[in-house]
Amino acid sequence: MTRLITTLITLILIMPNVLASTIETRSLDELYAEAVKEGGQLILRAGGDKDDQADYYLDMFKKRFPKMKLTHSVDLSFYHASRYDNALESSADINIPDVIQLQTLHDFDYYSERGLLESYKPKNWEKIYPDYKDPHGHWVGLFGVAFTNVFNNKVIAEDKAPRDALDYLNPALKGFSAQPPPQINLRVYKC
């Protein structure tokens, strides 16, 4: 699985300028050589809430592609999206990333509708599950995170704890959980 994720990330990072109708056929070594020939610069904005959150795959990337100069930052998708919008408005190319990893899916629709996402379909495109990619090649899922019901048994008795989505509509839970709007990355918390 790590190899698949690394391959997908690499393909997405190195060569985003291929037409959406074309599936990549070049090897990673060929893509790497071309990227180095083009200057070997890569700006990545990774979604997350810890500075070192992306280190595990960035370290693999740097080891595999040592001639690439990787500039990256990790922050919440809300902030990356705002900075991207501001950079586009000011035409400050230096702040426009080659790759943005957003955790907020609606941002992809927003940028796609405005024609701001380049298309790229990596090698083995057909092996990626349809729900994990845009059919036009504007985005590919990096990894999935399962969300589950968690409750504090000191606050809510186990037999009263929510088990599925509809359980959260129980009026007895009013004031105990909050669901933020999708453009804000927050955790569920006690109000």
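All of the numbers you see were taken from the coordinates with simple rules; none came from a lab. Every value quoted in this text rests on a predicted model; they were computed, and no experiment measured them. All Cβ positions, even for glycine, are placed from backbone atoms using ideal geometry, and neighbour counts span all protein chains on display.
Structure notes:
- 3J(HN,Hα) couplings calculated from phi for segment 47-55 with the Karplus curve 6.51 cos²θ - 1.76 cosθ + 1.60 (θ = phi - 60°) are, in sequence order, x, x, 10, 10, 4, 9, 4, 9, 4 Hz; Gly and Pro show x.
- Under the simplified labelling scheme, the I96-L166 pair shows an inter-label distance of 4.8 nm, with each label point 7 Å from Cα along Cα→Cβ.
- Inter-part distance where segment 117-132 and segment 22-89 are each reduced to a Cα centre, Å: 17
- Unsatisfied cross-links (Cα-Cα over 29 Å) in the set K69/K121; K63/K123; K133/K174; K50/K127; K63/K121; K133/K160: K133/K174; K50/K127; K133/K160
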